[in-house]
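The values are calculated or read from the model by the stated rules, or taken from the named source; none is laboratory data. Every value quoted in this text rests on a predicted model; they were computed, and no experiment measured them. Don't worry about glycine lacking a Cβ; one is built from the backbone with ideal geometry, like all the others, and counts go over all protein chains shown.
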């Protein structure tokens, strides 16, 4: 049976500035390449999109807002091929420096109803570490401009655990974000990735104990201000959870288009090339993972445990034709309050979100030794 696909991710790799921490698939904005890239993107979409009705469309990057007005018009013309539901969530990532009033009006005209802004930090010394600049006034002005055209579903990204950052520094960043009164906040502990400027400079991650203190502070302050900690790194006001990202965490199927994008269709998870040169030549897919039933179940667990909803046991039974307690002997984790269980759900206790990878590994290690995935269905 063909799986329903109702989500699309579009990757725009161009940036006007390369931040010191970023290991996403990105290149410096170059007008010569943008139209060629959009041509290649259009070909990939038209060759692979099967006419599904789409309920979430996410335009990420890179910095999609770095495109000019004409380039954005071309992009949105390409995206008109998608059959969008009436309530489709259409998100675009942006930086305040490149999201002009004219671009905001254009987003509204083309139906964008959610914008994700990379603020990261407003502390000048921490911005020096990250090699980015974002002024308070520009952030406030950008958000006011979005609201003025009716785009009120706004996410702000926060990066913490930056070298030399203190708890007081973090508190000031949080206070500023709270003053914006946006309905969604994404928070990311800075990880020094290979092939980034920070790694090349020899900058290390901060002490784990301080990282944990910062994580707990963020959770406490945001929850005190009516944000729901609905995913390990994400907080939202009621009814403002990201529909698109929930597709990922609920292990649902989605298209991924563009250089470096990934997708999940039927039993295949795929990743596109990170080479712009190859992508422009039409060599799109770099890697395919054909999933076994065991793989699908493990993905289901790893992704669902990221959320405050956890695993819906009835949905799990419907998907895999087996009760989860028949597969895993996890009752000791429940007894020790690492997991929480009721008649409907099984989830990680919030206090263990910070060590989620360890919890997930411990859970998977409780797999019953007599399970045969070959005969489950």
Check your understanding: If you go through segment 279-314, how many residues are surrounded by 15 or more Cβ atoms within 10 Å (Cβ to Cβ) and free of Cβ contacts under 8 Å to residues at least 24 places away in the same chain?
Key -> 2
Practice item. Filter segment 202-224 for residues that are touching a helix residue (DSSP H, G or I) at 6+ places or on another chain (Cβ under 8 Å) and more than 29 Å from residue 183 (Cα to Cα) and give the result. Key: 203, 205
Point to revise | Filtered residue count, segment 346-357, keeping only those that are free of Cβ contacts under 8 Å to residues at least 24 places away in the same chain and either within 18 Å of residue 329 (Cβ to Cβ) or in the same structural domain as residue 212 (by TED's automatic domain parsing) (or both) | key: 0
Point to revise | Candidate set: segment 109-121, residues that are surrounded by 15 or more Cβ atoms within 10 Å (Cβ to Cβ) and more than 26 Å from residue 132 (Cβ to Cβ); chosen: the one farthest from the chain's Cα centre (by Cα) | key: 110
Exercise for review: Identify, by number, the condition in (1) surrounded by fewer than 22 Cβ atoms within 10 Å (Cβ to Cβ); (2) touching a strand residue (DSSP E or B) at 6+ places or on another chain (Cβ under 9 Å); (3) modelled with pLDDT under 95 that residue 13 doesn't meet.
Suggested key: (1)
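For the subset of segment 76-101 comprising residues that are over 11 Å from residue 65 (Cα atoms) and in contact with a helix residue (DSSP H, G or I) (Cβ under 7 Å, 6 or more places away or on another chain), which member is surrounded by the most Cβ atoms within 10 Å (Cβ to Cβ)? Break it down stepwise before answering.
The initial filter retains those residues of segment 76-101 that are over 11 Å from residue 65 (Cα atoms), namely 76-91, 101.
Retained after the next criterion (residues that are in contact with a helix residue (DSSP H, G or I) (Cβ under 7 Å, 6 or more places away or on another chain)): 78, 81, 89, 91, 101.
Values: 78: 18, 81: 11, 89: 21, 91: 23, 101: 13.
So, considering only residues that are over 11 Å from residue 65 (Cα atoms) and in contact with a helix residue (DSSP H, G or I) (Cβ under 7 Å, 6 or more places away or on another chain), the one surrounded by the most Cβ atoms within 10 Å (Cβ to Cβ) is 91.
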**Study point:** segment 123-158, residues that are under 20 Å from residue 185 (Cβ atoms), at pLDDT below 95 and outside any helix (DSSP H, G or I)
**Key:** 123, 132, 134, 135
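Residues that are touching a residue at least 60 places away in the same chain (Cβ under 8 Å) and buried (at least 16 other Cβ atoms within 10 Å of the Cβ): does segment 159-167 have at least one? Give the derivation first.
Of the residues in segment 159-167, the ones touching a residue at least 60 places away in the same chain (Cβ under 8 Å) are 159.
Checking the rest, the ones that are also buried (at least 16 other Cβ atoms within 10 Å of the Cβ) come to 159.
For segment 159-167, residues touching a residue at least 60 places away in the same chain (Cβ under 8 Å) and buried (at least 16 other Cβ atoms within 10 Å of the Cβ): present.
Considering only residues that are farther than 30 Å from residue 243 by Cβ and more than 20 Å from the chain's Cα centre (by Cα), look in segment 165-193 and name the one that is modelled with the lowest pLDDT. Steps first, answer last, please.
Step one: list which residues in segment 165-193 are farther than 30 Å from residue 243 by Cβ, which gives 165-169, 171-172, 192.
Add one more test, that the residue is more than 20 Å from the chain's Cα centre (by Cα), and what stays is 165-169, 171-172.
Details: 165: 93, 166: 96, 167: 97, 168: 97, 169: 97, 171: 98, 172: 97.
Result: 165.
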Revision key, fill the gap. Across (1) out of contact with any strand residue (DSSP E or B) (no Cβ under 8 Å at 6 or more places or on another chain); (2) touching a residue at least 40 places away in the same chain (Cβ under 8 Å); (3) surrounded by fewer than 18 Cβ atoms within 10 Å (Cβ to Cβ), residue 40 clears everything bar (3)
Practice item. Return yes when residue 60 is modelled with pLDDT under 95, under 22 Å from residue 183 (Cα atoms) and in a strand (DSSP E or B) and no when it is not. Key: no
